[in-house]
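The values are calculated or read from the model by the stated rules, or taken from the named source; none is laboratory data. It should be emphasised that the depicted structure is a prediction, and the values quoted were computed from it without experimental measurement. In this analysis, Cβ positions are derived from the backbone assuming ideal geometry, glycine residues included, and neighbour counts consider all displayed protein chains. Accessible surface is based on the protein model in full, side chains and every heavy atom, while ligands, DNA and RNA are left aside. Shrake-Rupley method; radii C 1.70, N 1.55, O 1.52, S 1.80 Å.
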Amino acid sequence: MKSPLLSLPGAVPAEGVDEGVAAHYGDLFREQRALADGAGFVDLSHRAVVAVTGEDRLSWLHLLLTQHVSDLPAGEATEALILSANGHIEHALYLVDDGATVWAHVEPGTQDALIAYLESMKFFYRVEVADRTADFAVVHLPAGSIAEVPENVVVRETAHGRDLFLPRADLESYAAKTGPAAGILAYEALRVEQHRPRLGFETDHRTIPHELGWIGTAVHLQKGCYRGQETVARVQNLGKPPRRLVFLHLDGSEVHLPPAGTEIRTADEGPDGRKIGFVTTSARHHELGPVALALVKRNVPVDARLIAGETAAAQEVVVEP
């Protein structure tokens with residue numbers, strides 16, 4: 001869904017999964033600094049919005065999600081996953097309940113598969129699931145923002161900022177009052193700095209929650225059964241995940257960032273050595289320079305010097321080995 005804010009001065013369209021919103025508005029670092037200072041907003045209107053209504057909505061979702069939501073207070077934000085039977089991550093939902101409806105925003109293009117799964121699990125529960133992407137646009141206000149939130153707009157507030165479920169028809173008028181606009185690249189650079197994983201970026205077909213640090217934030221270990229729960233419990237209690245998320249400080253002398261999928265090796269073995277991981281997201285940060293998130297094998301020493309393609313990289317532990 002193409003955002004009307006692409007008509008703003010300087011807007012450069014994003015590509016790939018983030019197509020439909022602006023990558024930036026002409027000054028990536030200025031936009032990052034504004035967000036870091038609690039100013040401006042990010043147009044996330046390409047993200048899908050799913051709503052669940054009905055008096056059984058919380059107890060029903062509690063059976064399906066990795067998060068404890070049966071007693072979720074109205075207005076309290078949380079995040080949750082849906083796993084395969086083998087414990088692999090299939091969906092990531094960013095949730096809030098407004099007292100009558102559970103609102104979730106999810107990755108662009110994933111709502112059809114998500115809704116199909118939810119519909120297949122309704123059985124006798126009094127719930128209704130709807131794709132509300134055409135009606136509501138997600139707008140992100142950074143932490144510390146004092147921007148006004150329109151009356152009756154559902155807000156999902158976290159330590160990283162507020163996500164507004166704004167009526168799509170109001171997007172342009174709200175942007176005019178709330179600027180300056182920051183593009184998705186600025187938002188992503190701060191996400192990488194904050195070590196926050198993203199579905200489809202830090203995940204592949206075999207990712208389990210432990211590898212990304214989603215235990216505790218998106219996975220509740222003291223709740224009842226859900227699909228994939230056996231794998232979560234077994235790894236938590238008896239073993240270690242095969243891979244771990246790391247944060248990389250990249251050599252700033254390189255002109256190009258190593259793209260997602262770039263193979264990682266140890267510097268001691270060189271570019272012809274064994275592959276020990278791969279870059280998941282890379283970004284240019286306004287203070288830290290070129291940085292990235294990556295998945296590496298769990299047994300890679302935490303002090304090992306790495307290379308991403310041909311770019312030297314120093315690792316910072318996100319998930320303990």
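Here the Karplus curve 6.51 cos²θ - 1.76 cosθ + 1.60, taken at θ = phi - 60°, turns the phi angles of region 34-44 into couplings of 4, 4, 4, 8, x, 10, x, 7, 10, 7, 10 Hz, with x standing for Gly and Pro. Here is the list for region 106-178: chymotrypsin sites (Phe, Trp or Tyr not before Pro) lying in DSSP coil, each with at most 15 other C-beta atoms within 10 angstrom of its C-beta, are Phe123, Phe124, Tyr125. Under a Gaussian network description of the chain, with springs only between Cα atoms under 10 Å, the residue in Glu107, Glu19, Glu151 that fluctuates furthest is Glu151. The listed peptides 86-92, 129-135, ordered by packing as a protection proxy, come out as 86-92, 129-135 (highest mean of other Cβ atoms within 10 Å first).
Taken about its Cα centre, region 123-238 carries a charge dipole of roughly 400 debye when the Cβ of each Lys and Arg holds +1 and the Cβ of each Asp and Glu holds -1.
Only Cα pairs under 8 Å and 6+ residues apart enter the sum, and on that basis the relative contact order of region 205-247 stands at 57 percent.
A simple spin-label model places the labels of Asp112 and Arg234 3.3 nm from each other, with each point 7 Å out along Cα-to-Cβ. Only lysine pairs 8 or more places apart, or on different chains, with alpha-carbon atoms under 21 angstrom apart are counted in the chain, and they number 6. The gain in end-to-end length when the Arg298 to Glu254 segment is fully stretched comes to 13.1 nm, 0.36 nm per residue minus the alpha carbon separation. Quotient of the Cα radius of gyration of the chain and 2.2 N^0.38 Å, N being its number of residues: 1.01. Shown in residue order for region 205-212 are the 3J(HN,Hα) couplings computed by the Karplus curve 6.51 cos²θ - 1.76 cosθ + 1.60 at θ = phi - 60°: 5, 10, 6, 10, x, 4, 5, 10 Hz (x for Gly and Pro).
Solvent exposure of region 218-321 amounts to 51 Å² per residue of accessible area, where only protein heavy atoms count and the probe is 1.4 Å. Taking the convex hull of the alpha carbon positions in region 178-265 and averaging its projected area over all directions gives 9.0 nm². For region 128-206, how big is the tail of P(r) above 15 Å, as a whole percent of Cα pairs? The calculated P(r) of region 128-206 puts 65 percent of pairs beyond 15 Å. Close amide H pairs (under 5 Å, H built 1.01 Å from N) link His91 with Ile82, residues at least 5 positions away or on another chain. Compare Leu35, Leu288, Leu199 in a GNM of the chain, Cα atoms joined below 10 Å, and give the one with the largest fluctuation. Checking each option, the largest mean-square fluctuation is seen for Leu288.
Mind grabbing the base-10 log of I(q)/I(0) for region 64-185 at q = 0.11, 0.16 Å⁻¹? Debye formula, identical points on the C-alpha positions, no solvent, two decimal places. Per q value, in the given order, log10 I(q)/I(0) is -0.42, -0.87. Projecting the Cα positions of Leu72, Gly99, His140 onto the charge dipole of region 28-148 (unit charges on Cβ atoms of Lys, Arg, Asp and Glu, taken about the Cα centre) puts His140 furthest along the positive direction. Towards the positive end of the charge dipole of the chain, with charges on Cβ (+1 Lys, Arg; -1 Asp, Glu), say which of His62, Thr110, Asn237 has the farthest Cα. Of the candidates, Asn237 comes out farthest on the positive side.
In plain terms, if you count all Cα to Cα distances in region 225-321 and split them into 10 Å steps from zero, the share in each step is 16, 45, 24, 12, 2 percent.
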